[in-house]
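Notes follow the structure.
The values are calculated or read from the model by the stated rules, or taken from the named source; none is laboratory data. Fair warning: this is a prediction, and the values are worked out from it, not measured in the lab. As a convention, Cβ positions derive from the backbone with ideal geometry for all residues, glycine included, and neighbour counts pool all protein chains shown. When the accessible area is computed, the model is the full protein with side chains, heavy atoms only, and any ligands, DNA or RNA have been set aside. Shrake-Rupley method; radii C 1.70, N 1.55, O 1.52, S 1.80 Å.
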There are 2 protein chains.
Amino acid sequence: MDKNSSTHSLSHQRLLYCPSLPAKLRDLSSILCEKRQEATHPLDPRIKTLFPHLASLPLSRLISSKTPSAHPPFKVGVVFSGGPAPGGHNVIAGLFDALQQISPSSELIGFLNGPGGVLVNAFKPLTKVLIDQFRSQGGFDLLSSGREKIETPEQFASAAKTVLEHKLNALIIIGGDDSNTNAAVLAEYFLSKKISTQVIGIPKTIDGDLQAEEIEISFGFDTACKTYAELIGNIAKDALSSKKYYHFIKLMGRSASHVTLECALLTQPNLAFISEEKKELQQIVDEIVSLVMRREKAGKEYGVILIPEGLIESMKETDLPEKFRAQFIQKDAHGNIQVSQIETERLLIYLVKEELKQRGYKGKFHGQPHFLGYEGRCAMPSNFDANYTYALGFTAALAVRDGLTGVIAAVRHLRSSAEYWEPAFASIVHLLHFEIRNGKEQPVIQKTLVDLKGGPFLRFASQRKSWQIEDLYLQPGPIQFFGDKELIDKGPLNLSK
Amino acid sequence: MDKNSSTHSLSHQRLLYCPSLPAKLRDLSSILCEKRQEATHPLDPRIKTLFPHLASLPLSRLISSKTPSAHPPFKVGVVFSGGPAPGGHNVIAGLFDALQQISPSSELIGFLNGPGGVLVNAFKPLTKVLIDQFRSQGGFDLLSSGREKIETPEQFASAAKTVLEHKLNALIIIGGDDSNTNAAVLAEYFLSKKISTQVIGIPKTIDGDLQAEEIEISFGFDTACKTYAELIGNIAKDALSSKKYYHFIKLMGRSASHVTLECALLTQPNLAFISEEKKELQQIVDEIVSLVMRREKAGKEYGVILIPEGLIESMKETDLPEKFRAQFIQKDAHGNIQVSQIETERLLIYLVKEELKQRGYKGKFHGQPHFLGYEGRCAMPSNFDANYTYALGFTAALAVRDGLTGVIAAVRHLRSSAEYWEPAFASIVHLLHFEIRNGKEQPVIQKTLVDLKGGPFLRFASQRKSWQIEDLYLQPGPIQFFGDKELIDKGPLNLSK
């Protein structure tokens, strides 16, 4: 890259972005974690049995401090866990800057390629020079991520060896629901072994399914949805300009339909399915067929339909008409059906076409499948995500300084301007419930699904009918970083609080 | 949409964008089409026979005029032809504003749903109030487009009826190479029938394959490529962050690989194929397999590969190993093979996997197919395309005023800032050559393919090797409309002049 193109590149300009830091986080000596015993919800006795040390820890809240005190330098490790989400690099930048503010000789190291890097002690020191090359950039490529988990006794021992070797005060795990569950298990293990390394989670996932009282949304959700909405808006304009295709757009998001719901509100497609409404496959096909036939009567042989990734995940093989099982169902190495790998967008086009034929539909129907996922997970973070993740990094540093473990760093009041955001902590054991996983009951953080009585869904439900025949498509356009603050700093519509 | 969200929406803010008008187009009374007889290239005698009237017309160039004259009002029709491209609405806005400047009582009407709208006289009057809702917006939805052609004697008669009914001074056809060929045929027909309606083309196509001495690039190419490059950059970051997949990204662009070349220069993938290099399928597979094996040795089991839409269009069915012909080849209603509908990205993943197996490759290889096309054709036009199309509209108005027909309105010196751009006209008959189409030799505008001796390709060829093993991915990010002029006003790299 020549110097000129580099200076005028957006990527370069984003390096210079100064995230808006909440007022409460500007001077970390003015804020303190106060430990208080009482929990709002009593813990499940089984959780107490499985996490005796974490369960006995007092909960924390942040209060003002009038007596700033000096701190020794901290040594902290950080790791990305699972799929990437926009803003990850700013968590690290915030953590670094805050640790420097707390004690300038603090050290930060990053483990490589996900939790597996902790196990084999693969790491790199995170210096200012290095971090300055990743501020407000997309991706997780400063460290890369991975999906290996720390869950067996041998893995716990390896992790312990690594943190002891580095004399880490804390390990920060940037991950989704499962990674944060694992963070609690690891925190409990360290406490049980009298290893002083704290374990602190950061709520990451574009799926938006990691929410709690303190966690209004996971980071990355905003940018990913805005990137998908940019494309859906463009595709909808194309539908309207060319009048030729029904675009079936599948969106990432696993079981939860937060991404689809957010994108639907941002773009107003003709149809958007929400898995949480639990419709049968035949009902879904019928709804699309009815839409196609009604639109054809209105002279419209095109449209836009949003499909959440998890729409048919509970479907059984027998729900599928026999003759195209072979075409759409992949089998794994053991010959098992991989329902999750069905390309729902293509399957639905096929089924709708068949059903239209059966009903004697005479109009045109051309389906165009799309899958939006990898296009958004590593996008350059929106100002919202850049600010939010930077504040999360600062909040995590507070947790390090004040000795918290088994907590997720959080930032609240995200509907307000960043100035008024407030750092907070969620105790992970208080988020756990029991689920059957691999045939065994396990304590996990419950995925937050779309609340069918919540504001975003109700808003969608009240509008969606009007989107079906009239074309009220919105084109949000590409994420902007400069200009009107109201436009560029706006967060997602779907915030739980 | 509530008032608040509307005012702060990007779409609203783009409505207020004032395109940068070239200095030469600001005062249209200071510029004049001078007709001069001499053509640089003599016309093919067969063209002279087919287009006797157009062939005898003098060529034009724009010169300064010192004697402004008053003009009667003009009545002009405009139509979109073929696939949409970002900027179409600004052609119409520029045309409208320029006609108002030339003579304030001028009228503009838009034909609906493509050239078919001319045949059946389906139109809407284009008022300032209406046009003001579409300035610098994506899509062609003000009028919608279509692919019907005006080519049979009956169609010519219908078109004549329509333009005579409206007493149109001119019909502006916004289209690609074929639509502009048709514009010349229609212009010749009108001349032969002594119908005074001029026919003027506008060079549109995201494919970038409509180029000539006067036409440095077609409009829409810049925005579409920047939109695809945004996504490729995001996907490349994901490859690097997750280290899990080879992303096979197919890009729209028909036979020519301009889009792929432009995107490759903007994002630096590990491999990008250029159809014009005319590689055999086996060679393509071998190159990918070799890349995968060499990267695996470097500890990299992921990558990014760009595939132009036309890569295997000359492939014969027999080039495909028998066992997956059924899987990848679709047949049309007549049982003919539709090679163009092969999903090249999926075919290549399949073939590469097979070949790796054959060579005893022990590493991981997971291919992830993508097709980018509809995501970019209706994106909000970049400043470059918004400015360029607005200037094209002004140039077309000059052609109307000065009585030109059978020309394409063009704007030159696009490498300079918009201030210095220059309006120009290309005589369509001078762009025609003969090609076999549907078994018949026909005069058509020659598609401009990637020039393997041209600057953009040579730059790519000199760098591509270094992109293979090292990951030099660039992330251009989303198109920006506000901020640093150097960033937001930059046009495409691939300009023929």
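Using alpha carbon centroids, what distance separates the stretch A:52-88 and the stretch A:123-157, in Å?
17
Could you quickly flag the chain B residue whose beta carbon comes closest to the rotation axis taking B to A, and that distance in whole angstrom?
Result for the axis mapping B onto A: B:Pro478, 2.
Treating the angle as unsigned and between 0 and 90°, give the value, to the nearest 10°, between the Cα long axis of helix B:258-267 and the longest Cα principal axis of chain B.
Orientation of helix B:258-267: about 60 degrees from the principal axis.
To the nearest 100 Å², how much accessible surface do chains A and B hide from each other in total, with a 1.4 Å probe?
Buried surface at the A/B interface: approximately 4500 Å².
Among the lysines in the stretch B:359-497, how many pairs, 8 or more places apart or on different chains, have alpha carbons under 28 Å apart?
10
Compute the distance in nm between two label points, each set 7 Å from the Cα along the Cα-to-Cβ direction, one at A:Arg437 and one at A:Asp286.
3.7
Taking Cα atoms, how many degrees apart are the long axis of helix A:455-468 and the longest axis of chain A, rounded to 10 and kept between 0 and 90?
Tilt of helix A:455-468: around 20 degrees.
Taking square-rooted eigenvalues a ≥ b ≥ c of the alpha carbon gyration tensor, is chain B rounded, prolate or oblate, where a/c under 1.5 means rounded and, failing that, a/b exceeding b/c means prolate?
Prolate, because a/c is 1.5 or more and a/b exceeds b/c.
Quickly work out the B:Glu213-to-B:Glu313 label distance, labels modelled 7 Å from Cα along the C-beta direction, and quote it in nm with one decimal.
So the two model labels end up 2.7 nm from each other.
Rounded to the nearest Å, what's the spacing between the alpha carbon centres of the stretch A:429-461 and the stretch B:171-215? Just the number, please.
If you average the Cα positions of each part, the centres end up 59 Å apart.
What FRET efficiency do you get for A:Val129 and A:Arg61 if R0 is 45 Å and r is their Cβ-Cβ distance, rounded to the nearest 0.05?
The calculated FRET efficiency here is 0.80.
Would you mind getting the accessible area per residue of chain B, heavy atoms of the protein chains only, 1.4 Å probe, in Å²?
I get 39 Å² per residue for chain B.
Check which residues have an amide H placed less than 5 Å from A:Ala424's amide H, if you skip close sequence neighbours.
Long-range HN contacts for A:Ala424: A:Ala410, A:Val411, A:Arg412.
Obtain the nm distance between the two label points defined at A:Lys167 and B:Gln358 by a simple spin-label model: each point lies 7 Å from its Cα along the Cα-to-C-beta direction.
Going from the A:Lys167 label point to the B:Gln358 one covers 5.9 nm.
Which order do peptides A:222-232, A:16-26, A:423-433 fall in by mean Cβ count within 10 Å, highest first?
Output ranking for A:222-232, A:16-26, A:423-433: A:222-232, A:423-433, A:16-26.
Helix B:153-166 versus the longest principal axis of chain B: what angle, 0 to 90°, nearest 10, using Cα atoms?
Its long axis makes an angle of about 50 degrees.
Just to be sure I understand: if I project the alpha-carbon convex hull of the stretch A:74-137 onto a plane and average over all orientations, what area do I get in nm²?
4.2
Hey, got the average number of other protein chain Cβ atoms within 10 angstrom for residues in A:132-142?
Values: counts 0, 0, 0, 0, 0, 3, 8, 11, 6, 11, 1.
Across A:132-142, the average partner-chain Cβ count within 10 Å equals 4.
Averaged over peptide B:226-236, how many Cβ atoms belonging to another chain are found within 10 Å of each residue's Cβ?
5
Checking buried surface per residue: for the stretch A:450-497, which residues lose a minimum of 40 Å² accessible area in the protein assembly relative to the chain alone (1.4 Å probe)?
A:Gln475, A:Pro478, A:Gln480, A:Phe482, A:Asp484, A:Glu486, A:Leu487
Can you give the net charge of the other residues whose Cβ lies under 12 Å from the Cβ of A:Leu487, counting K and R as +1 and D and E as -1?
Local net charge: +1.
Of all the accessible heavy-atom surface of chain A, with the other protein chains kept in place and a 1.4 Å probe, what percent is carbon and sulfur?
Numbers: 10110 of 19620 Å².
Of the solvent-accessible surface of chain A, carbon and sulfur hold 52 percent.
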